[in-house]
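Notes for the one structure printed next.
The values are calculated or read from the model by the stated rules, or taken from the named source; none is laboratory data. Predicted model only: the values in this text are computed from it and were never measured. For neighbour counting, all protein chains shown are included, and Cβ atoms are generated from backbone atoms with ideal geometry for every residue, glycine included.
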Amino acid sequence: MFPGSLDDTDAARAVRYAGAQPVSLWHADRDLRGADAVILPGGFSYGDYLRCGAIARFSPVMAELVPAARAGLPVLGICNGFQILCEAHLLPGALTRNDRLRFITRDVRLRVENTRTAWTRGYETGEELTIPLKSGEGAYAADQATLDELEKTGRIVVRYAGGAPNGAARDIAGICGGDNSNIVGLMPHPEHAIDPLTGPSADGLGFFASVVKSFAGALG
Amino acid sequence: MARVIVEVMLKPEIHDPQGEAVLSASHRLGFGNITGVRQGKRFELEIDGPADDTTLAAVEELARELLTNPVIEEFSLRSEG
């Protein structure tokens, strides 16, 4: 949790729904508190000063998280969290202003393309999800070589079915990185789609259930 | 005391919707002969000591690490005064 994070409470709720225990991490503490996986939540850390996620990237907790992620700790960056992962160079590319400048708040259809990551193993390849998008700077950008590499290595995790509403390159909504594809970043908010009572669907729960299940499997 | 100016722009191949919005607004105000606008940032750094090569090299590193995102931005820097 960084100053300005917004969606940590919903992320914690999603973790509980998935049967695990959420643990709050504080930006100023060099301490991951023994977490088995880490979620970087959505919001406006540091007010998006300088660039979205540019300042959060240098916080003490990130000094612990970066080597842990490189060593295989599952990390999920949602929205501002995705921006922080890119600024920290844990994922390639960058997130830029939506191409029509409007902050977009609406449900989008996502197609799951990589079900090998710790966060998406519970989905079927090609499955379509309805998940809220809520961002002003969500257009994924990278040079052609990087985009081609992501495509070739299957590191595009979710794509906007029917086209990106924000100008994201190749309709990319989320990508993965890390030796075991343990690092996933996506712009839409699966934590806002875990219960049809409070969201458009429960399609987002799979992100959290997948990683919880992978630990249960490791123990059993 | 030295002053170093760092100017940051999006790389030319990156879409700049803010610049486009400013362009549209310029046209609405009657400045029809403006054909393009791109928006950037300017940082003014006050530095203790002279703006020698070591200092400028340090500012360049700061620019790469913090002031810009090299994936989408490029910069130029100069000392002033």
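Is there a residue being over 29 Å from A:VAL212 (Cβ atoms), of a type in the set (Val, Ile, Thr) and at pLDDT 95 or above anywhere in the stretch A:143-157? Yes, the stretch A:143-157 contains a residue that is over 29 Å from A:VAL212 (Cβ atoms), of a type in the set (Val, Ile, Thr) and at pLDDT 95 or above. For A:LEU197, state whether it is closer than 27 Å to A:THR9 by Cβ, out of contact with any helix residue (DSSP H, G or I) (no Cβ under 9 Å at 6 or more places or on another chain) and without any contact (Cβ under 8 Å) to a residue 40 or more places away in the chain. Taking the combined requirement at face value, the residue satisfies it. Count of the stretch B:57-79 residues, restricted to those that are surrounded by fewer than 17 Cβ atoms within 10 Å (Cβ to Cβ) and among the hydrophobic types (A, V, I, L, M, F, W, C), is 4. Looking only at residues in the stretch A:36-75 that are free of Cβ contacts under 8 Å to residues at least 24 places away in the same chain and farther than 20 Å from A:ARG97 by Cα, which one is surrounded by the most Cβ atoms within 10 Å (Cβ to Cβ)? The residue in question is A:PHE58. Note on the stretch B:26-44: residues that are away from chain A (no Cβ under 14 Å) and within 30 Å of B:SER79 (Cβ to Cβ) amount to 2.
Among the residues of the stretch B:13-25, the one identified as exposed (fewer than 15 other Cβ atoms within 10 Å of the Cβ) and either more than 12 Å from chain A (Cβ to nearest Cβ) or among the charged types (D, E, K, R) (or both) is B:GLU13.
Residues in the stretch A:81-127 that are more than 14 Å from every other protein chain (Cβ to nearest Cβ) and in contact with an Asp or Glu (Cβ under 8 Å, 6 or more places away or on another chain): A:ARG109, A:LEU110, A:ARG111, A:VAL112, A:THR115, A:THR125, A:GLY126.
Per the conditions (1) more than 14 Å from chain B (Cβ to nearest Cβ); (2) in contact with a Gly (Cβ under 8 Å, 6 or more places away or on another chain), the sole criterion not satisfied by A:GLY34 is (2).
Restricting attention to the stretch B:26-56 and to residues that are surrounded by 12 or more Cβ atoms within 10 Å (Cβ to Cβ) and polar (S, T, N, Q), the residue that is farthest from A:PRO92 (Cα to Cα) turns out to be B:SER26. State the number of residues belonging to the stretch A:157-196 that are within 25 Å of B:ILE72 (Cα to Cα), part of a loop (DSSP other than H, G, I, E, B) and touching a Leu at 6+ places or on another chain (Cβ under 6 Å). Counting residues in the stretch A:157-196 that are within 25 Å of B:ILE72 (Cα to Cα), part of a loop (DSSP other than H, G, I, E, B) and touching a Leu at 6+ places or on another chain (Cβ under 6 Å) gives 1. Among the residues in the stretch A:141-155, are any closer than 27 Å to A:VAL66 by Cβ, surrounded by 23 or more Cβ atoms within 10 Å (Cβ to Cβ) and polar (S, T, N, Q)? Looking for residues that are closer than 27 Å to A:VAL66 by Cβ, surrounded by 23 or more Cβ atoms within 10 Å (Cβ to Cβ) and polar (S, T, N, Q), one finds none in the stretch A:141-155, hence no. For the stretch B:33-61, a residue qualifies if it is touching a residue at least 40 places away in the same chain (Cβ under 8 Å) and either within 25 Å of A:GLN144 (Cβ to Cβ) or assigned to a helix (DSSP H, G or I) (or both), and the qualifying residues are B:THR55, B:LEU56, B:VAL59.
Restricting to the stretch A:68-115, give me the number of residues that are of a type in the set (Val, Ile, Thr) and in a helix (DSSP H, G or I). Qualifying residue count for the region: 1. Checking the stretch B:66-76 against the condition returns a match, with at least one residue being away from chain A (no Cβ under 14 Å), in contact (Cβ under 8 Å) with a residue 60 or more places away in the chain and more than 20 Å from A:ASP48 (Cα to Cα).
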